[in-house]
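This report concerns only the one structure given below.
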Amino acid sequence: MPLRPPALPGAPSSRGPRRRALVAAAAALIVPAFARPLAARAIGAAALTQDDGTVRLSLTLAEPISFRLFTLDNPLRLVIDIEGAAWRAGAPPPGLGPVLRLRAALNRPGVTRVVLDLAEPVAVRRAALERGGAALVVEMVPAPRSVFLREEAASEPLPRPPQPPERPLIVLDPGHGGRDPGAIGASGTQEKRIALAAALELRGMLEATGRYRVAMTRTRDVFVPLADRVRFAQSRNAALFLSIHADALDDPSVRGASVYTLAEHASDSIAERIARNENRADRFAGPSFTGVTPEVARILISLVRRETLNGSARMARHAVASLRREVTMLPNSHRFAGFVVLKAPDVPSVLIEMGFMSSRADEALLRRADHRRKLAAAMAEAAQRYLEEAVPVRAAG
Ligand code: ZN
């Protein structure tokens with residue numbers, strides 16, 4: 001018997017009233033699939049039709065699927081496992097001919113099981129994807145039980161979808177730690193503790209977005225040499241490195257947050273002094289630490305790629321813009337200096353001074369958890385804006 005395309009709504013039929021009724025029933029079931037766009041990866045409509053003893057099941061698909069068909073005894077069932085599409089066809093059509101009823105349910109993650117409960121055994125004359133994969137068609141005719149029990153069919157397996165790209169990694173670097181307390185405020189506040197508290201807050205906010213992985217150069221009060229902080233970010237292929245500080249200046253009247261990126265020549269004396277003090281953190285490393293030699297440092301700087309510097313500058317602009325809305329800023333808030341921790345040649349890197357321990361006003365604010373939350377929220381917003389801009393920072397491959 002020749003196969004016919006599925007009935008369309010309103011298609012004229014010259015057959016008898018029984019067939020017209022069947023076509024109308026099938027059309028009613030198919031209509032929703034034409035009336036609205038199908039959800040991605042869905043079985044959007046199901047129809048059972050009968051024609052001269054052949055029962056035809058047609059499932060409308062929005063996406064390529066793979067299927068496996070087999071039979072079960074006691075009671076008689078024809079089972080179709082469909083991988084790659086969820087059932088979105090509403091209530092299954094009523095039984096027809098040897099099909100008592102049709103059921104559909106999630107069998108296991110990603111697999112929908114369609115079961116046809118049968119009144120009598122059938123042979124599967126055809127089980128195939130049609131219309132370029134837009135429909136799965138199964139045709140059945142009555143057959144002896146011995147034939148029924150041997151029936152099975154399967155499509156080509158679905159190609160495995162490519163893995164989603166890995167979420168970018170942000171490395172947070174709380175300044176100082178362990179025997180290096182960093183700057184100490186007039187009230188005795190230690191920079192290392194403020195930096196760690198703010199970084200932990202920031203990590204929580206970034207992880208809560210679900211869009212980034214976050215790693216920290218330290219999560220406890222331990223000493224980490226500057227070069228190790230850089231290597232930590234490089235070896236993990238970080239998309240962004242944020243070093244978090246609250247240093248001290250000679251002038252206690254200077255206050256506010258500021259953002260620093262790498263430059264061989266400091267942009268101003270404040271930036272130069274901060275960099276000098278920061279880089280000196282390694283004096284706490286002790287004799288067992290062999291740091292970066294001046295020669296290696298020069299090589300590192302020469303390796304700094306333009307796009308890394310551009311990325312750092314973009315991040316710094318976002319950081320200044322976000323922080324400015326929340327807290328007092330130092331004038332000329334984006335400054336440049338030769339920080340060792342910013343010298344990763346291939347990781348855009350920014351150092352954020354959340355304020356200065358040398359300022360009583362800043363120290364008092366930085367001791368407050370709600371103020372650190374504001375700072376962390378501004379840094380999180382800046383990092384998100386930076387990472388979601390479509391400008392490629394790292395060369396592909
Ligand atoms: Zn510091």
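The one condition from (1) more than 15 Å from the ligand (Cβ to nearest atom); (2) surrounded by 16 or more Cβ atoms within 10 Å (Cβ to Cβ) that residue 237 does not meet is (2). Within the stretch 204-226, being assigned to a helix (DSSP H, G or I) and either away from the ligand (no atom under 16 Å from the Cβ) or open to solvent by 40 Å² or more (accessible area, probe 1.4 Å) (or both) holds for 204, 205, 206, 207, 208.
For (1) of a type outside the set (S, T, N, Q); (2) open to solvent by 10 Å² or more (accessible area, probe 1.4 Å); (3) closer than 12 Å to residue 258 by Cα; (4) more than 25 Å from the chain's Cα centre (by Cα), each residue gets a yes or a no:
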{"residue": "310", "(1), (2), (3), (4)": "no, yes, no, no"}
{"residue": "322", "(1), (2), (3), (4)": "no, no, yes, no"}
{"residue": "356", "(1), (2), (3), (4)": "yes, no, yes, yes"}
{"residue": "376", "(1), (2), (3), (4)": "yes, no, no, no"}
{"residue": "380", "(1), (2), (3), (4)": "yes, no, no, no"}
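Restricting attention to the stretch 166-179, the residues that are free of Cβ contacts under 8 Å to residues at least 60 places away in the same chain and surrounded by fewer than 24 Cβ atoms within 10 Å (Cβ to Cβ) add up to 2.
Within the stretch 128-139, the presence of a residue that is over 22 Å from residue 44 (Cα atoms) and in contact (Cβ under 8 Å) with a residue 24 or more places away in the chain is excluded.
For the stretch 180-203, the set of residues classified as in contact (Cβ under 8 Å) with a residue 60 or more places away in the chain, open to solvent by 40 Å² or more (accessible area, probe 1.4 Å) and either within 12 Å of the ligand (Cβ to nearest atom) or closer than 18 Å to residue 375 by Cβ (or both) consists of 184, 201, listed by residue number.
Residues in the stretch 210-254 that are in contact with a strand residue (DSSP E or B) (Cβ under 7 Å, 6 or more places away or on another chain) and of a type in the set (Lys, Arg): 213, 218, 229, 236.
Restricted to the stretch 240-257, and to residues there that are of a type in the set (Gly, Ala, Ser) and within 12 Å of the ligand (Cβ to nearest atom), the residue that is farthest from residue 382 (Cα to Cα) is 248. If I go through the stretch 308-330 residue by residue, how many of them are part of a strand (DSSP E or B) and free of Cβ contacts under 8 Å to residues at least 60 places away in the same chain? Counting residues in the stretch 308-330 that are part of a strand (DSSP E or B) and free of Cβ contacts under 8 Å to residues at least 60 places away in the same chain gives 0.
Scanning the stretch 154-161 turns up one or more residues that are closer than 30 Å to residue 129 by Cβ and open to solvent by less than 50 Å² (accessible area, probe 1.4 Å). Is it the case that some residue within the stretch 285-299 is modelled with pLDDT of 70 or more and more than 16 Å from the ligand (Cβ to nearest atom)? Checked against the condition, which is being modelled with pLDDT of 70 or more and more than 16 Å from the ligand (Cβ to nearest atom), the stretch 285-299 yields no hits at all.
Against the conditions (1) away from the ligand (no atom under 16 Å from the Cβ); (2) open to solvent by 20 Å² or more (accessible area, probe 1.4 Å); (3) touching a strand residue (DSSP E or B) at 6+ places or on another chain (Cβ under 8 Å), residue 269 satisfies every one except (3). Do the conditions hold for residue 81, that is, is it surrounded by fewer than 20 Cβ atoms within 10 Å (Cβ to Cβ) and over 13 Å from residue 137 (Cβ atoms)? Yes, satisfied.
The values are calculated or read from the model by the stated rules, or taken from the named source; none is laboratory data. Values in this document were obtained by computation on a predicted structure and should not be read as measured data. All Cβ positions, glycine included, derive from the backbone under ideal geometry; neighbour counts span all protein chains shown. Note: accessible area is taken over every heavy atom of the protein model, side chains too, but ligands, DNA and RNA are not part of it. Shrake-Rupley method; radii C 1.70, N 1.55, O 1.52, S 1.80 Å.
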